Amino acid sequence: RQKGDLDVPFCILSITTHLYKEVKKDMIVETKSATTQTLKPSSDTPTSTSEPVFDYAGMSNRLMEDKDLITAVIEAFSNDLPTQLELLKTAIATGDIEQITAQTHKIKGASANVGGIALSALTATLEQASRAGELDTIRQALPTLEQCAAQLQTAIAEVLP
């Protein structure tokens, strides 16, 4: 674990196999059901890939349908995400590439653990951009990242009020 990682049960942190797809700019949200939202590319985005905003069923399955564990993991994530986003924004503002890489990595893993597929994919892309030193790309993506995080928090609140 890295300093600042979420304090959640070990079994959640040990989930390491996730598929990440690049989330393109200019995304819009389409609600599919009460528990699933999908981030879909706008018509001018050259891809037909879509990512779920919140995969409650997948997260629930990984946590063996244990409602107490699900609630604990989601509460830890929801309480910590604003802090992690602020740390990321500070790193972006100061141009601290090392800290940007660390923060995007933390957010990527934490969001994947709770089923935040779109946020995890976007932060994976930003982590790659930080490793390549693409600070302007990261700065331009910040509003999309904040929107994606807000959409995930909203979707979580709809399922677990």
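Taken together, the criteria exclude LEU135 from residues that are of a type in the set (A, V, I, L, M, F, W, C) and surrounded by 20 or more Cβ atoms within 10 Å (Cβ to Cβ). When segment 92-101 is filtered for residues that are closer than 17 Å to ALA141 by Cα and surrounded by fewer than 21 Cβ atoms within 10 Å (Cβ to Cβ), the ones remaining, listed by number, are ALA93, THR94, GLY95, ASP96, ILE97, GLN99, THR101.
So that you can scan it fast, the table gives a plain yes or no per residue for (1) surrounded by fewer than 22 Cβ atoms within 10 Å (Cβ to Cβ); (2) without any contact (Cβ under 8 Å) to a residue 60 or more places away in the chain; (3) part of a helix (DSSP H, G or I); (4) in contact with a His (Cβ under 7 Å, 6 or more places away or on another chain):
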position	(1), (2), (3), (4)
ALA112	no, no, yes, yes
GLY115	no, no, no, no
ALA118	no, no, yes, no
LEU122	no, no, yes, no
ALA129	yes, yes, yes, no
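Evaluate segment 88-96: report whether one residue or more is in a helix (DSSP H, G or I), among the hydroxyl-bearing types (Ser, Thr, Tyr), over 17 Å from the mean Cα position of the chain (by Cα) and modelled with pLDDT of 95 or more. The answer is yes, given that some residue of segment 88-96 is in a helix (DSSP H, G or I), among the hydroxyl-bearing types (Ser, Thr, Tyr), over 17 Å from the mean Cα position of the chain (by Cα) and modelled with pLDDT of 95 or more.
The values are calculated or read from the model by the stated rules, or taken from the named source; none is laboratory data. Not measured: the values here are computed from a predicted model. Virtual Cβ from ideal backbone geometry, glycine too; neighbours counted across all protein chains shown.
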